[in-house]
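Student: To start, I am sharing the structure in question, which I have written as structure tokens.
The values are calculated or read from the model by the stated rules, or taken from the named source; none is laboratory data. Model, not experiment: these values are computed from the prediction. In this analysis, Cβ positions are derived from the backbone assuming ideal geometry, glycine residues included, and neighbour counts consider all displayed protein chains. The accessibility values were calculated without ligands, DNA or RNA, using every heavy atom of the protein model including side chains. Shrake-Rupley method; radii C 1.70, N 1.55, O 1.52, S 1.80 Å.
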Amino acid sequence: MSSVSSSRPPSPPLSRTADMPTTGLGYFSVPFERFVRDDISDWASGFTLLDTMETYFDSRLDLLQRSWAKHSDRLKLRAEERLQEMLKKDVFKIKTNHQLDREVQRLKLKLSQRLISLTETWHSTKVVRTREKLTFFMGVMLVLFTALMFNMTPQWIHVTYTVLSACLLPMRVYMYKKRSWHYFLFDLCYYCNIINLFYIWVMPDHPGLFVACYCLSHGSLASAVITWRNSLVFHDFDKVTSLFIHIYPPLVFTVIRHFYPNAEQRFPALSELPHLNPVTALLLSSIIYLIWQLLYWKFVFVDRRTKIESGQRATSLTYLLHDKRGVIGRALSAVAPHRRELAFMAGQFVYSILTELPAVFVLYDSSFWSGIFLIFIFAVSVWNGGGFYIEVFGRKFERELEALRKELAEATARSSERSSPTLGPQSDDDLATVSGSPELKHRTLSVLMNGLSDPVLDTQTPASE
């Protein structure tokens, strides 16, 4: 069979129907035709391999594509879940912040209402009387305590001065800030008190600083009791604080200079100052004063000029300009407006130098005249306080009596119209007789008891140097 296939002529192949009758092997060759090799079968085998590879890789790629699609779907699902969670959290945060803002506003409202209630309670008549009684008690006890300490332990005077300053000055800052009077805190008296405390506790061995503190305390501060009419009014906390600011510094430095036992050990600067050189003393105090004056001019007259000119804030200059009864106010009113600040500062400097002359020439070398000087300053404050009590409360009592007289006259007139004519009180003696009734006695007693808390007459004015 192989020999017959090998000797096949190169003629073109005949059809299967034509070969079957002439070829002896045609019947057996039909089932084995697929084993016949020719050029076309070689090409077909190559295509079969490619189909196999394509089928293999197509299946693999299809599996990969399906796995990627599933993974992508899972990622998308997770992203959507995460986005939903974030949105829920944001909405919760918004709701929480909104609720928090409402709670904060509610707390602010409650706090504001509480403060208003406390303020009304603080200014109520009962609390005012209690507060004034407490202030009166503390003021009187402070005077007694200072006198006993001066006699028994003068070395503790400067400690008492420090403790009282730590208590009273912050209260003064709070009260003046609340009343929009805090520009008065830039005045010389507060500056001198700070310098005094700095010398006592930081530089007690500096002679120049001691001289400046001594001169300013016995000069501008002490004389301010007279200039600004400081009053010893025990029931008024503001007036007690003002008097302390101006009278305690000269007391402390008088004790240090004349009555402090072994003062050179605690304050070494005194060992170098047995006497004062007038020129040096005035020069040193002037330097300290001019430093304050320059700072005051910059921070008040320059940086805060708009608020002062608009009337939102008051200063010593504006206060004195409105005081038409005082000599300083009338003198400043006579100066041109654009020169008032310069005139005010120059006048203050001259005033400071003049008030320091007694301390330089007399008080530093004499304990006797230093004591007389302190007694005189304290007596002026007592006199001003007595005038406050007598004049203010006297005028109030007179107004209340006049109101009672008018009310009694009206009641008498009404009763005379309804019944038979009766004679009412026509003179002060008749009024005194009628006022013996219990009702009028009660009214008069209430007038006297309310005298210490008169909201009209007991007006506060910022006390400065």
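Student: Starting with the highest mean, order 174-185, 75-86 by the number of other Cβ atoms within 10 Å, averaged over the residues of each peptide.
Tutor: 174-185, 75-86
Student: Also, quick follow-up: At q = 0.13, 0.14, 0.20 Å⁻¹, what log₁₀ I(q)/I(0) does a Debye calculation on the Cα points of the range 136-240 give, no solvent, two decimals?
Tutor: Summing over Cα pairs of the range 136-240 leads to -0.57, -0.67, -1.37.
Student: Considering all alpha-carbon pairs of the range 232-296, what whole percent are spaced by more than 16 angstrom? The partial results should precede the final answer.
Tutor: Values: 1389 of 2080 pairs.
Counting pairs separated by more than 16 Å, the tail of P(r) holds 67 percent.
Student: Ignoring ligands and nucleic acids, what accessible area does V240 show with a 1.4 Å probe (Å², nearest 10)?
Tutor: 30 Å²
Student: Ok, one more. Going 7 Å from the Cα of Y176 toward and past its Cβ, which residues in the range 244-270 have a backbone nitrogen under 19 Å from where you end up?
Tutor: 244-250
Student: Sort I116, I245, I195, I375 by accessible area with a 1.4 Å probe, largest first.
Tutor: If we order I116, I245, I195, I375 from most to least accessible, we get I375, I116, I195, I245.
Student: In Å, what is the Rg of the alpha-carbon atoms in the range 127-172, and how long is Dmax?
Tutor: Gyration radius and largest Cα-Cα distance of the range 127-172: 12.5, 38 Å.
Student: Which order, highest average first, do 338-344, 360-366 follow once you tally other Cβ atoms within 10 Å for each residue and take the mean per peptide?
Tutor: 360-366, 338-344
Student: Next question, about the same structure. Quick one: Cα centre-to-centre distance for the range 274-307 and the range 207-232, in angstrom?
Tutor: So the two Cα centres are separated by 14 Å.
Student: Continuing with this model, one more query. What is the Cα centroid distance between the range 148-191 and the range 332-372, reported in whole angstrom?
Tutor: 22 Å
Student: Report the full-extension gain for the segment I194 to L294: residue separation times 0.36 nm, less the Cα-Cα distance, to one decimal in nm. Could you put the intermediate results ahead of the total?
Tutor: Working: separation 100, 0.36 × 100 = 36.00 nm, distance 1.68 nm.
Extra length available between I194 and L294 comes to 34.3 nm.
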